[in-house]
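Enquirer: I have a structure I would like to understand better, so I am pasting it below and will then ask my questions one at a time.
Computed from the coordinates by the stated procedures, all read-outs in this text should not be read as laboratory data. All of these numbers come straight from a predicted model, not from anything done at the bench. We place every Cβ from the backbone using ideal geometry, glycine too, and count neighbours over all the protein chains shown.
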Amino acid sequence: MWYMKSSQIITKTPGETKKLGELFAEEIGIFLHKAAPRHALVVGLVGDLAAGKTTFVQGMMRGFGVTGKITSPTFVLSKTYNVWKKDSVMRRVCHCDFYRLSSRKEVKDIGLKEMLADPKTVVIVEWADRIKGFLKKGSIVLSFKHIKKQHRAITFRRL
C-alpha cells in the first residue's frame, strides 16, 4: 500500500498513467474511510514538465467520480470539483497548479487555507515543491520522472 512505504511504479503509456491515477484515487477513498482525517489530505505532485502529472490527475478525477473534461489549472491556479460517488467520505477535490506561482500571497488568494482545513477535501497540487515548506507531515508525495519516450517512473511516499 502506498501509505505504508515508499514505492515506485513504471507506466508505459498515458493510458496506463491515467489508470494508475484512477486506482490511486480508489485507494485514497479506502484510506479516508479508515483514517477519519481532521483536515484535508494533500497529494503533492513533483517532476519535470510533461512528466505525466496532469495525465495522472485526470485518472484520479475519474477514480473520484468526477466527470467532464479535466485540464490543469495552470493559469487560474486552482479548480474545485464536487465528488459524486455515493459511498465517498469526500465532498470535493481541489486541483491546484503552482507552476506559474510567483508569490506565497497567490496561495492565500486562491483560498488554500480553507481548502486545507476541510477534512472532506482532497487537495492535489502539481508543482508542490515550488513552495518551500508547503508539503507537511501526512502529505502524500508523488514524484514523476521520464524514463524513455512514454515511460514514466512514479514514486509514491508519505511524509
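Enquirer: For region 126-143, check the following and say yes or no: at least one residue is in contact with a Phe, Trp or Tyr (Cβ under 8 Å, 6 or more places away or on another chain), assigned to a helix (DSSP H, G or I) and not polar (S, T, N, Q).
Expert: Among the residues of region 126-143, at least one is in contact with a Phe, Trp or Tyr (Cβ under 8 Å, 6 or more places away or on another chain), assigned to a helix (DSSP H, G or I) and not polar (S, T, N, Q), which makes the answer yes.
Enquirer: Mind telling me which of the residues ALA50, ALA117 ends up being surrounded by fewer than 15 Cβ atoms within 10 Å (Cβ to Cβ), among the aliphatic types (A, V, I, L, M), more than 14 Å from the chain's Cα centre (by Cα) and over 30 Å from LYS149 (Cα atoms)?
Expert: It is ALA117.
Enquirer: From the list ARG104, ARG152, which residue is more than 16 Å from ALA25 (Cα to Cα), charged (D, E, K, R) and surrounded by 18 or more Cβ atoms within 10 Å (Cβ to Cβ)? If you could, list the steps in order and put the result at the bottom.
Expert: Details: ARG104 fails: surrounded by 18 or more Cβ atoms within 10 Å (Cβ to Cβ).
Step by step, each of ARG104, ARG152 is checked, and only ARG152 is more than 16 Å from ALA25 (Cα to Cα), charged (D, E, K, R) and surrounded by 18 or more Cβ atoms within 10 Å (Cβ to Cβ).
Enquirer: How many residues does region 55-94 hold that are touching a strand residue (DSSP E or B) at 6+ places or on another chain (Cβ under 7 Å), hydroxyl-bearing (Ser, Thr, Tyr), closer than 18 Å to TRP127 by Cα and not in a loop (DSSP other than H, G, I, E, B)?
Expert: 2
Enquirer: Evaluate region 115-125: report whether one residue or more is of a type in the set (Asp, Glu) and without any contact (Cβ under 8 Å) to a residue 40 or more places away in the chain.
Expert: Filtering region 115-125 down to residues of a type in the set (Asp, Glu) leaves 118.
Cutting the leftovers down to without any contact (Cβ under 8 Å) to a residue 40 or more places away in the chain gives us none.
For region 115-125, residues of a type in the set (Asp, Glu) and without any contact (Cβ under 8 Å) to a residue 40 or more places away in the chain: absent.
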